[in-house]
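Read through the structure below, which is laid out as structure tokens, and then see the notes.
The values are calculated or read from the model by the stated rules, or taken from the named source; none is laboratory data. Just so it is clear, the structure is predicted and the values come from calculations on it, not from any experiment. A quick note on method: Cβ atoms are made from the backbone with ideal geometry, for glycine too, and the neighbour counts reach across all protein chains shown. Side chains are part of the model used for accessible areas, which takes the heavy atoms of the whole protein and leaves out ligands, DNA and RNA. Shrake-Rupley method; radii C 1.70, N 1.55, O 1.52, S 1.80 Å.
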Amino acid sequence: MAPDFQKLFVDRVAAIRALTDGAGNPAFNALKSVDLEEVTSLISSLQNKQCRSDLLPTWLLKECTSELVPFIRRFFNASLRSGRVPQSFKSAYITPLLKKVGLDNTDIKNYQPISNLTVTSKMLERVILQRLLEHLKVNGLFPSVQSAYRKYHSTETAMARVISDILMALDRDDVAALALLDLSAAFDMVDHSILLRHLRESYGISGRVLTWINSYLTDRQQSVCHAGMLSAQEYIKFGVPQGSVPVASEPGGIGEIDLPVVNPGGIIPPLCRQNCVQKLRYMGANNYE
């Protein structure tokens, strides 16, 4: 009997491993080229505003769409093929924005930095975003309970889910508890190497796509424009620009780490609560400097 048990145990492990062989996140390592129709659509959807770095007003870009589209298309495709972002696209003018209405506007600590980027750079960012979202959607990589940075989702869907879960818990005579976490300067504290590793390991992003994102993040410069004055430019080692397209749309937010999904229809066991706390500690220690 002993040899039979031995064979059963060994074969069972081998069979399970065979079923999951090659499992993992689907690879996203190449970027689809841009065509004339896509560039035309991007231009037509632009708002009539630009930053001080734009050499061409947006309204004029729209009026000259048919003449400029072939050149913009060639330019964008060169960036996608090489995995490089032009250095001029990585320079931002920062506008300090009051965090909340009613705060003391004489205290500079009450402001957050908003990046003003060129219109063309935002168009290129949107090209990358559309391909990234397609990869996430097709392969089911969006967290099921995520409301942020998703089409047809908002704070309203998040609130509806939270209120529904609380009411269902109360109907079962359970205790409902809500923990809220606010990260200080979350966008400014992102570690680029950690973000790239997370995109590679959690979302299967590699190859030319990861190279492009790495180029987008590195060697960025910024200067602050306020009250008619402009500061000197400085290179930014950490963080991502608030106001850029990828930042506003990256799954779960930049530096996001997947937290365990607690059973929405039952009591939270002590072990799960402990795992949540450990995950939060891990996120703080490993996603931000």
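Below are the figures for this structure:
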quantity: Potential extension, Ser33-Ser88 segment - 0.36 nm per residue separation minus Cα distance; calculated: 17.6 nm
quantity: Loop trypsin sites (Lys or Arg not before Pro), region 59-123, which have at most 12 other Cβ atoms in a 10 Å radius of their Cβ (DSSP); calculated: Lys99, Lys100
quantity: Scaled radius of gyration (Cα, divided by 2.2 N^0.38 Å) that region 29-80 gives; calculated: 1.20
quantity: Amide H within-cut-off set for Ser53, under 5 Å, with H built and near neighbours excluded; calculated: none
quantity: Solvent-accessible area, 1.4 Å probe, carbon plus sulfur percent, for region 61-152; calculated: 55 percent
quantity: Eligible lysines near Lys62 by straight Cα distance, threshold 22 Å, same-chain separation 8 or greater; calculated: Lys49, Lys122
quantity: Percent of alpha-carbon pairs separated by more than 24 Å within region 1-148; calculated: 58 percent
quantity: Inter-label distance, nm, simple model (7 Å from Cα along the C-beta direction), Ala176/Glu201; calculated: 3.6 nm
quantity: Of every Cα-Cα pair in region 63-194, the percent that sits beyond 27 Å; calculated: 49 percent
quantity: Per residue accessible area of region 1-87, 1.4 Å probe, in Å²; calculated: 74 Å²
quantity: Label-point separation, Ser184 to Gln146 (7 Å along Cα→Cβ), nm; calculated: 2.7 nm
quantity: Inter-probe distance in nm under a simple model that places probes 7 Å from Cα toward Cβ, at Ile166 and Arg81; calculated: 5.5 nm
